[in-house]
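Peer 1: Let me begin by handing over the structure; questions about it come next.
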Amino acid sequence: MRKPAVTSVPIAALMAERWSPRALDSSFSVTSDQVRALLEAARWAPSFGNTQPARYLVGLRGTPSFDAILSTLNSGNQAWARRASLLLIGVMVTTNAKGSVPYAEYGLGLASENLVLQAVELGLVAHQMAGF
Ligand SMILES: Cc1cc2nc3c(=O)[nH]c(=O)nc-3n(C[C@H](O)[C@H](O)[C@H](O)COP(=O)(O)O)c2cc1C
């Protein structure tokens, strides 16, 4: 289902077409190339000093990793997120050899939006959650 954003002037289709549905198709499976494209898009996000702080824990439905990630969500999110074909947890590197990584949280956010927009490009949907 499409739910294009109503904007005062045209914006890029990738952003206008992005939204966060909860009605997910539990018979759909992402391909490994699609997962790779999502992560590659995240990898190419800008970051402070190119420190690239974003990392993702990956769980494909039907694997123990998926079940482990699902179990961390609150019950409201579990109710619909269990039908996702892929669950990711975004985490960030906060220290490196030079000490603390500046703006790591900002970097994770930028990487995650890249990932979400790549999902739109692939004809997928992505729904972010902070309800653990
Ligand atoms: C950091 C963050 C946390 C969110 N947490 C949840 C969540 O726990 N559960 C949920 O259903 N949606 C969650 N959302 C989705 C937002 O509610 C959604 O993006 C917002 O209502 C705007 O709707 P749209 O994405 O369809 O444009 C979260 C989004 C972000 C960016």
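Peer 1: Accessible area per residue of the chain at 1.4 Å probe, in Å²? The partial results should precede the final answer.
Peer 2: On the way: 8390 Å² over 132 residues.
I get 64 Å² per residue for this part.
Peer 1: May I ask you to rank W19, W44 by accessible area, largest first, using a 1.4 Å probe over the protein chains only? Intermediate results must be reported in sequence, preceding the final value.
Peer 2: On the way: W19 55, W44 175 Å².
Accessible-area ranking of W19, W44, largest first: W44, W19.
Peer 1: Quick check on the chain: helices-only [θ] at 222 nm, where DSSP H runs of length 4 and up contribute -39,500 (n - 2.57) each and the sum goes over total residues. Nearest 500, please.
Peer 2: Details: 5 runs with 51 residues, N = 132.
Taking each H run of at least 4 residues, the total per residue is -11500 deg cm²/dmol.
Peer 1: If we count every other residue with Cβ under 11 angstrom of D67's Cβ, Lys/Arg +1 and Asp/Glu -1, where does the sum land?
Peer 2: Its environment carries a net charge of +2.
Peer 1: Need one word for the chain: rounded, prolate or oblate. Basis is the Cα gyration tensor (sqrt eigenvalues a ≥ b ≥ c); a/c below 1.5 gives rounded, then a/b vs b/c decides. Walk me through the numbers before you get to the answer.
Peer 2: Numbers: a/c = 1.81, a/b = 1.16, b/c = 1.56.
Taking the square roots of the gyration eigenvalues as a ≥ b ≥ c, the chain is oblate.
The values are calculated or read from the model by the stated rules, or taken from the named source; none is laboratory data. Everything quoted here is computed from the prediction, not taken from an experiment. Reconstructed Cβ throughout: ideal geometry from the backbone, glycine too, with neighbour counts over all protein chains shown. In case anyone asks, the SASA skips ligands and DNA or RNA and just uses the protein heavy atoms, side chains included. Shrake-Rupley method; radii C 1.70, N 1.55, O 1.52, S 1.80 Å.
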